[in-house]
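Asks: My structure is below; once you've seen it, I'll send some questions.
The values are calculated or read from the model by the stated rules, or taken from the named source; none is laboratory data. Please read all numbers here as calculations on a predicted model, not as lab measurements. Counting neighbours? That spans all protein chains shown, and the Cβs are built from the backbone with ideal geometry, glycine included.
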Amino acid sequence: MKSVIFIAPPAAGKGTQSKRLQDLGYNHIATGDMLREEIKSGSLLGKEIDKLISSGSLVSDEIVFNLIKNKINSDKPFILDGFPRTMEQALLLDKLFKELNINNYEVIYLDISLEEAMKRALGRLTCSCGETYNIYIEGFKPKNENICDKCGKVLVKRSDDNEESFKVRFETFLRSTKPIKEYYEKKNKLHCIDTTLDYDIITDRIKEILK
Ligand code: AMP
């Protein structure tokens, strides 16, 4: 199994697809989750990160790279979910891959329009146990309103899933990932998948690419 770098606008479903791959034995490295953990810890760094994330901005390349660099190794295939988000991060990652002799990976871009992504983001609810739900998508609604099916805790909305900050995040994403997409395309690593397809079909396409 090849490792995978997911590049996807917010709310394109990379979290859902990553979870499905995790069940196949992948090591899931999600920068957004790691940053939210740091916020939860209440540290000074966490407070700084909170301000940036809530306003829809990116956290610095250095902070994020430091969080992920020790999680990547050549022993276990990994999913990079949310990294790289800037060209600088892509170059740092290349350097690390070279050091670790890693080349068995593919880059998957999950394509989605702003309108569809906004709808998904506004309906998204998460649980502190890691489960995610969506009140606008069939098959992703919680069985009982606002309650996690798995652990029974009350579901919450992410602070950056509001209309204003979502639009900023989406546009920041498109701007900063355009050169990254081109970079991986030149390396013959890039695969684009249309996310209006059914979730199961998307999973099958991903598995086919990573075979
Ligand atoms: P996500 O859960 O991937 O949508 O990430 C949530 C937020 O965390 C983003 O909007 C950024 O503010 C921050 N973030 C996540 N990954 C990165 C990254 N690789 N570089 C900079 N900021 C990041």
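Asks: Within the stretch 142-179, work out how many residues are out of contact with any strand residue (DSSP E or B) (no Cβ under 7 Å at 6 or more places or on another chain) and either assigned to a loop (DSSP other than H, G, I, E, B) or surrounded by 13 or more Cβ atoms within 10 Å (Cβ to Cβ) (or both).
Replies: Number of matching residues: 22.
Asks: Let me ask something additional. Please pick out the residue among D50, D75 that is in a loop (DSSP other than H, G, I, E, B) and more than 9 Å from the ligand (Cβ to nearest atom).
Replies: D75
Asks: Looking only at the stretch 42-84, how many residues end up being more than 27 Å from L174 (Cβ to Cβ), exposed (fewer than 12 other Cβ atoms within 10 Å of the Cβ) and either of a type outside the set (D, E, K, R) or not assigned by TED's automatic domain parsing to the domain that holds L100 (or both)?
Replies: Within the stretch 42-84, residues that are more than 27 Å from L174 (Cβ to Cβ), exposed (fewer than 12 other Cβ atoms within 10 Å of the Cβ) and either of a type outside the set (D, E, K, R) or not assigned by TED's automatic domain parsing to the domain that holds L100 (or both) number 5.
Asks: List pairs: first residue in the stretch 158-178 and over 20 Å from I7 (Cβ atoms), second residue within 10 Å of the ligand (Cβ to nearest atom) and at pLDDT below 85 anywhere in the structure, Cβ distance under 6 angstrom, at least six positions apart or on different chains.
Replies: Going by the 6 Å Cβ cut-off, the qualifying pairs are S165/G56.
Asks: Now for a different question. Go through the stretch 1-23 and count every residue that is in contact (Cβ under 8 Å) with a residue 60 or more places away in the chain and either near the ligand (Cβ under 10 Å from one of its atoms) or outside any strand (DSSP E or B) (or both).
Replies: Total meeting the criteria: 16.
Asks: I need the full set of residues from the stretch 183-203 which are assigned to a helix (DSSP H, G or I) and surrounded by 12 or more Cβ atoms within 10 Å (Cβ to Cβ), in order please.
Replies: Listed by number, the residues that qualify are Y183, Y184, E185, Y199, I202, T203.
Asks: If only one of I68, I112 is closer than 20 Å to K178 by Cβ, out of contact with any Leu (no Cβ under 6 Å at 6 or more places or on another chain) and of a type outside the set (G, A, S), which one is it?
Replies: I112
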